[in-house]
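Below: the structure, in structure tokens.
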Amino acid sequence: MKLEELQRFLEQHEKCLILYARQWCNTPEDMVQEALMELVRKQLDPMQNTAWVYTVVRNKAVSVARRSTKQKPMVGQDCEPWFEPNTGDAIDANAAQLHLQELDEPIREVLVLKLWSGLSFEEIAPLAQCSKSEAHRRYQQGLELLRKKMGLL
Amino acid sequence: MNNDFENKLSALTPTSKSINRDALFFELGKQQKKPNRQVSAFLAGAIAASFPWLLLTQVQSQKIETSPSPSEPTVVLLEPAKSEPYSLLEYRKVFEATNDLPSLRYVEASAEIETLGDLQKEFSLYHQ
């Protein structure tokens, strides 16, 4: 693994991985740090093992959440902002976070992986532990629910 | 309509405190310094024969390795025999080492090590 490859991977995925880990725990940076350390120790090519990194982050975050119920983000109680404040005609970041938190976890997970991490449904399916078509269905359902909640229907 | 909504959503930038990139890059550097191919059987045998009081763990397991490229450093892992106080004494004498002998040494040598003299020179440099 080359330094430039790792840097490129971080530019592309660091924030998305942290957002992904945030779905289960309140220490997402630690989960991502640990997963990436594993990646480096195993000397895996980051760009070719993107799904692997997401899997490790997920496993670590879920494990932390299971160990402590306090770590599990409760709807509306996670004080950390998920998104940068936006400008212009973009969707309100706070509202998006609030309504995302209201979604069921399996649906929210697929939305996060698709919208912000840019993974394909083929890559999302094993992570979300469902079929490719089910991942697609959850994604469409999630979008519809969000649009309704945000009054954009 | 869904497309427009998707685009607007995906335009939101996830916020985060950064991870510790320095620690990550340091680890990467460490991994890249690890040996990556076996040393010649001749050199491994010669080291073991000449310095029997050194426990050359990697020699014993046939894992002392040199870099495949002359431009890359070679890392030789040596572990002085912990159970032999005499070994440690000799180790100091031969290589004019200081008193702080750790149980584990990573010695970076050039890829030009082909003889015991080369190896000894590298150790001397290391201990200066």
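Data for the structure
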quantity: Residues (modelled with pLDDT of 55 or more, farther than 30 Å from A:MET31 by Cβ and either more than 9 Å from chain A (Cβ to nearest Cβ) or touching a Gly at 6+ places or on another chain (Cβ under 9 Å) (or both)) located in the range B:1-45; calculated: B:ASN3, B:ASP4, B:GLY45
quantity: Among the residues listed as A:GLN33, A:GLN48, A:GLN7, the single one being away from every other protein chain (no Cβ under 11 Å) and without any contact (Cβ under 8 Å) to a residue 12 or more places away in the chain; calculated: A:GLN48
quantity: Any hit, the range A:27-40, residues being within 15 Å of the chain's Cα centre (by Cα), outside the structural domain of A:LYS114 (by TED's automatic domain parsing) and farther than 12 Å from B:ILE19 by Cβ; calculated: no
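The values are calculated or read from the model by the stated rules, or taken from the named source; none is laboratory data. All figures in this text were calculated on a predicted structure; none of them were measured in a lab. Quick reminder, even Gly has a Cβ in these numbers, built from the backbone with ideal geometry, and neighbours come from all protein chains shown.
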